[in-house]
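Below: one structure, written as structure tokens.
The values are calculated or read from the model by the stated rules, or taken from the named source; none is laboratory data. All values derive from a computational prediction rather than experimental measurement. We place every Cβ from the backbone using ideal geometry, glycine too, and count neighbours over all the protein chains shown. Accessible surface is based on the protein model in full, side chains and every heavy atom, while ligands, DNA and RNA are left aside. Shrake-Rupley method; radii C 1.70, N 1.55, O 1.52, S 1.80 Å.
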Amino acid sequence: MKNFIILIPLYNDWKSVSKLINEIDFQVKNWKADVSVVIVNDASTEIRETIEFQLKKIKSVKILNMKENRVHQRCIAAGLKYIYENEDFDHAIVMDADGEDRPEELNEFYKKSQENPG
């Protein structure tokens with residue numbers, strides 16, 4: 001079974017990312033794959049309330065905290081480095097936390113990975 005990790009850089013938009021993760025979980029529900037999420041918190045100043053998910057498909061949600069604000073691209077680079085060094089994965093997908101990337105498009109990535117397993 002393939003392992004997908006969805007990497008989400010985030011700055012101060014905890015409500016949106018919570019909604020996004022629930023929508024991702026809905027979109028990937030029929031995948032024959034393991035799916036995890038890694039959030040890279042770019043030293044948010046907004047206080048994060050406890051977020052509890054009722055996830056059916058996503059195996060885990062990890063939050064990496066940057067010590068200081070390093071902007072979007074540096075968070076992606078740090079997240080990819082973390083994933084490469086610490087996680088077992090076949091595919092990594094980067095998504096924006098603010099809803100710019102539509103979760104339903106994940107199914108196209110999955111479909112392409114099935115068509116081209118190498």
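Structure summary
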{"read-out": "With Cα atoms, 0 to 90° folded angle of helix 14-27 axis to the chain main axis", "value": "10 degrees"}
{"read-out": "Whole-Hz ³J(HN,Hα) from phi, Karplus 6.51 cos²θ - 1.76 cosθ + 1.60, for region 85-100, glycine and proline x", "value": "7, 10, 10, 9, 8, 10, 9, 10, 10, 9, 9, 6, 6, 8, x, 5"}
{"read-out": "Placed amide H near residue 43: partners under 5 Å, 5+ positions off or other chain", "value": "66"}
{"read-out": "Proximal charge balance of residue 55 [Cβ under 15 Å; K/R count +1, D/E count -1]", "value": "+2"}
{"read-out": "Estimated translational D of region 1-69 in µm²/s (Stokes, Kirkwood radius over Cα pairs; 4 °C; 1.567 mPa s)", "value": "102 µm²/s"}
{"read-out": "Accessible area per residue in Å² at 1.4 Å probe, computed on the chain", "value": "63 Å²"}
{"read-out": "Neighbour cut-off at most 11 other Cβ (10 Å), DSSP loop, GluC sites (Glu not before Pro), region 57-107", "value": "68, 100"}
{"read-out": "Computed helical MRE - 222 nm, the chain, DSSP H runs ≥ 4 contributing -39500 (n - 2.57), nearest 500", "value": "-10500 deg cm²/dmol"}
{"read-out": "Residue 59-residue 23 pseudo-label distance in nm [points 7 Å out on the Cα-to-Cβ vector]", "value": "2.5 nm"}
{"read-out": "Listed pairs 56/111; 32/67; 67/112 exceeding 31 Å between Cα atoms", "value": "32/67; 67/112"}
{"read-out": "P(r) tail fraction, the chain - alpha-carbon pairs more than 19 Å apart, %", "value": "44 percent"}
{"read-out": "Those residues of region 81-118 whose amide nitrogen sits under 17 Å from the label point placed on residue 72, 7 Å along Cα→Cβ", "value": "93-103"}
{"read-out": "For region 51-108, average projected area of the Cα convex hull in nm²", "value": "5.4 nm²"}
{"read-out": "Sparse-neighbourhood loop sites, GluC sites (Glu not before Pro) in region 1-50 - DSSP loop, at most 13 other Cβ within 10 angstrom", "value": "46, 49"}
{"read-out": "Within the accessible area of the chain (1.4 Å probe), percent carbon and sulfur", "value": "47 percent"}
{"read-out": "Relative contact order [Cα under 8 Å, 6+ residues apart], region 1-50, whole percent", "value": "61 percent"}
{"read-out": "Length-normalised contact order for the chain - Cα pairs under 8 Å, 6+ apart - percent", "value": "39 percent"}
{"read-out": "Between 0 and 90°, nearest 10: helix 106-115 axis offset from the chain longest Cα axis", "value": "40 degrees"}
{"read-out": "Residue 30-residue 104 pseudo-label distance in nm [points 7 Å out on the Cα-to-Cβ vector]", "value": "1.4 nm"}
